[in-house]
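Beneath this line is the structure, given in structure tokens, with notes to follow.
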Amino acid sequence: MKFFVDTAEIDAIAELNDLGMVDGVTTNPSLILKSGRDILEVTKEICDLVDGPVSAEVVATEAEDMIAEGRKLAQIAPNIAVKVPLTWAGLKTCKTLSEEGQMVNVTLCFSVNQAILAAKAGATFISPFIGRLDDINLDGMDLIADIRQVYDNYGFETEILAASIRSVNHVADSARIGADVITAPPAVIKKLADHPLTDKGLEAFLSDWAKTGQKIL
Ligand code: G3P
């Protein structure tokens, strides 16, 4: 399973990247706003830092303008994945750019049918939003499972990028289902290491170690 970090905060990406936990990065207009940075500058910095795909999202709503924005974003670095919303204009942009050899991430996916369209349009990644489905009392994880089954039924090669991940359980469940990638905020990825029994066990080991009076170094 690949880990993408869902942020445009350079320091947070660098910290996890140094630990080998970053297979890619996803951004969106809200995350760019949160970073307070210029999209072209910050995206270039992220691409320089990370070897894997870095999603940068178009903001036009008509296909012609989306394609132009996508081509401009693609010029930032070879590891850009142009992110487009799951609209007909976004799908047209996906088809055009993917035929040019460009990685494309189709985002804001909330149904299996949308995921089928993205795969047929040549998407490199489909981003179903788990948390936002949970927010309206639907089960985001059911969507990940459904897309996995349908993609496997037909051999679609589009990678399932489980997005809008809010908890460590979303990560574990995505892995069980077989999502190809998860993208999560840095705080969620850091929490994956936490377990109360790890803390308790370590405390006991250190307490006993102190009683030995020994030192390793
Ligand atoms: O990857 C998409 C993500 O940024 C959306 O997350 O928490 O705003 O639904 P959220």
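The C-alpha atoms of the chain define a longest principal axis, and helix 196-212 lies at about 30 degrees to it.
Computed on the Cα atoms alone, the convex hull of the range 104-204 gives a volume of 102 cubic angstrom per residue. If you take the alpha carbon radius of gyration of the range 115-155 and divide it by 2.2 N^0.38 Å, what ratio comes out, to two decimals? Rg over 2.2 N^0.38 Å, computed on Cα atoms: 1.22. Let me check I've understood the local charge: for Ile165, count other residues with C-beta under 12 angstrom from its C-beta, Lys and Arg +1, Asp and Glu -1. What total comes out? Neighbourhood net charge equals 0. Strictly over 18 Å apart at the Cα level, which of Lys44/Lys120; Lys83/Lys190; Lys92/Lys120; Lys190/Lys215 would you flag in this model? Violating the 18 Å limit, Cα to Cα: Lys44/Lys120; Lys83/Lys190; Lys190/Lys215. Checking every one of the chymotrypsin sites (Phe, Trp or Tyr not before Pro) in the range 124-217 against DSSP loop status and a limit of 16 other Cβ atoms within 10 Å picks out no site at all. A simple spin-label model places pseudo-atoms 7 Å from Cα toward Cβ; at Asp194 and Asn113 they are separated by 4.0 nm. Were the residues from Tyr154 through Leu217 laid out at 0.36 nm apart, the gain over their Cα-Cα distance would be 16.9 nm. Pairing the Cα long axis of helix 39-49 with the longest principal axis of the chain, what angle in degrees results, from 0 to 90 and rounded to the nearest 10? So the helix axis and the longest Cα principal axis differ by about 50 degrees. All C-alpha pair distances within the range 2-212, sorted into 5 Å bins from zero, spread as 1, 8, 15, 18, 19, 15, 10, 5, 3, 2, 2, 1, 1, 0, 0 percent across the bins. Angle, helix 140-154 long axis vs. longest principal axis of the chain, Cα atoms, 0 to 90°, nearest 10? The helix 140-154 is inclined about 60 degrees to the chain.
Read the figures in this text as sums done on the coordinates, not as results from a lab. Bear in mind the structure is a predicted one, so any value in this text is a computation, not a measurement. Heads up, the Cβs are rebuilt from the backbone with ideal geometry, glycines too, and the neighbour counts pull from every protein chain shown.
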